Amino acid sequence: MKIHNFSAGPCILPEEVLKKASESILNFNNDHLSLIEISHRSKSFVAVMEKARSLSLELLGLENKGYKALFLQGGASLEFLMVAYNLLNKKAAYLNTGTWSDKAIKEAKIFGEMDEVASSKDKNYAYIPKEYLIPEDADYFHCTSNNTIVGTQMKEFPKTEVPVVCDMSSDIFSRQLDFEKFDLIYAGAQKNMGPAGATLVIIKEAILGKVERQIPSMLNYQVHIDKESMFNTPSVFAIYVSMLTLQWLKDLGGIEFIEEVNNKKAALLYNEIDRNPLFKGVVAKEDRSTMNATFVLTDEKLQEKFNTMWAAAGISGINGHRSVGGYRASMYNALPLYSVQALVDVMQELENSQSSPS
Ligand SMILES: *Cc1c(COP(=O)(O)O)cnc(C)c1O
């Protein structure tokens, strides 16, 4: 049976990418060696690293604009700390739009003054705050483009003179943005790129070198830039799979193409959530995420029945985050439109089973 994988992360990857990735475990590049048993400094792997870095910049339209792409380890969670370590001198401004922002704030507080410019914590993060001021004397402004857990997404980004840092873990490469407005972007690979174990960091080199403190080598962006993302052994497999996914995306037509598909998928599901009287959305409509759609049943008594129905239809991974409950359908780049249709069909079946006398 075809499984429709709506997992929030780690999540669905393109089938052709998984095929190539599995071949590379046995025979990489037709060298009759495994990708994971050769030196990361071998010609074959250095080429993979270079390709992964250049494709990242190319897809975002950031080539030759002073940006560097790095593939680091430690997940987005280590970036919460690294960003502050490398950029926070005195004061940082953070927008709190969810659990991930909250965690980033907690780490940054270790290094300096925290100005939480706005927060939607009061309403369980069910909206994106819009009116706030970013102090001109902040070292940088940090935001999270997509709240993976609750399902909100920033549609607008503030205009500010201070450097902008963005955690794009769960919507990078999913939509077109003016990426030049950002000075540092980071994303764990496991939501739209590849397996867990690699973190993509896109950084404008000019923002570095402004803090007084000594930075340990492994946490120092400049060290990783100077060593071309090979300061130590990188996560070779995760980077290879990420590279394949980025190549897959480029061949399809890049972000411009996939954004249209993503908008179609999101529209299909949200229209059903709004139309079907048995379901309702969880977050403010204007802030709904195209990546993670959250919804609940209007009648909790139908839960068991609905759960049985979607599982029987081969749908997987739509239980909501343990902190939110309800349902969350994650529709990352590799999820096909027909998988969303399969979910919508089940929602309609549930509705029909209620209205017909049995
Ligand atoms: C998943 C996620 C994280 C955490 O990523 P790790 O790689 O597990 O550290 C951080 N931010 C956002 C927005 C996420 O979705």
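Within the chain, what whole-number % of the accessible surface is contributed by carbon and sulfur, with the 1.4 Å probe and all protein chains included in the calculation? Walk me through the numbers on the way to the answer.
On the way: 8060 of 16090 Å².
Of all accessible area on the chain, carbon and sulfur atoms account for 50 percent.
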Net lengthening on full extension, residue 90/residue 32 (0.36 nm per residue, minus Cα-Cα): 15.6 nm
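Identify the trypsin sites (Lys or Arg not before Pro) of region 1-35 meeting these criteria: DSSP loop state and at most 10 other C-beta atoms within 10 Å of the C-beta. Could you put the intermediate results ahead of the total?
Details: sites: 2, 19, 20; in loops: 2.
The qualifying sites are 2.
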At R0 = 25 Å, FRET efficiency that the Cβ-Cβ distance of residue 341 and residue 307 yields, to 0.05: 0.80
Spin-label model distance (nm) - residue 65 vs residue 215, 7 Å beyond Cα toward Cβ: 2.1 nm
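Using unit Cβ charges (K, R positive; D, E negative) and no other charged atoms, how large, in debye to the nearest 20, is the dipole of region 135-256 about its Cα centre? Working shown, then result.
Numbers: 10 positive and 16 negative charges, 80 e Å.
For region 135-256, the charge dipole is close to 380 debye.
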Dipole axis of region 15-252 (+1 Lys, Arg; -1 Asp, Glu on Cβ), positive-most option in 236, 160, 94: 236
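What order do 100, 310 take when sorted by accessible area (1.4 Å probe), most exposed first? Numbers along the way, then the final one.
Details: 100 75, 310 20 Å².
Ranking 100, 310 by accessible area, largest first, yields 100, 310.
Taking the Cα centre of the chain as the origin, how large is its charge dipole in debye, to the nearest 20, when only Lys and Arg (+1) and Asp and Glu (-1) carry charge on their Cβ atoms? The partial results should precede the final answer.
Values: 37 positive and 44 negative charges, 92 e Å.
My answer is approximately 440 debye.
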Rel. contact order, % - alpha carbon contacts under 8 angstrom, at least six apart, the chain: 23 percent
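DSSP loop trypsin sites (Lys or Arg not before Pro) in region 290-358 with at most 10 other Cβ atoms within 10 Å of their Cβ, which ones? Please list the in-between numbers first.
Numbers: sites: 301, 305, 322, 328; in loops: 322.
Answer in residue order: 322.
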Label point 7 Å beyond Cα of residue 316 along Cβ direction - residues of region 161-181 with amide nitrogen under 20 Å: none
Residue 271-residue 23 pseudo-label distance in nm [points 7 Å out on the Cα-to-Cβ vector]: 3.8 nm
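Calculated FRET efficiency, residue 42 and residue 256, Cβ-Cβ r, R0 41 Å, to nearest 0.05? Please list the in-between numbers first.
Working: r = 35 Å, r/R0 = 0.85.
Efficiency computed from Cβ-Cβ geometry: 0.75.
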Loop-located trypsin sites (Lys or Arg not before Pro) in region 82-180 whose Cβ has at most 11 other Cβ within 10 Å (DSSP): 159
Chain lengthening between residue 353 and residue 58 when straightened (0.36 nm per residue, less Cα-Cα): 101.3 nm
Where a label projected 7 Å from the Cα of residue 228 along Cα→Cβ would reach, residues of region 10-49 with amide N under 14 Å: 40-49
Amide hydrogen neighbours beyond the local backbone of residue 91, cut-off 5 Å, H modeled: 113, 139
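The values are calculated or read from the model by the stated rules, or taken from the named source; none is laboratory data. Computed from a predicted model, the values in this text were never measured in an experiment. Glycine also receives a Cβ, built like all others from the backbone with ideal geometry; neighbour counts cover every protein chain displayed. Heavy atoms of the whole protein, side chains included, go into the accessibility calculation; ligands, DNA and RNA do not. Shrake-Rupley method; radii C 1.70, N 1.55, O 1.52, S 1.80 Å.
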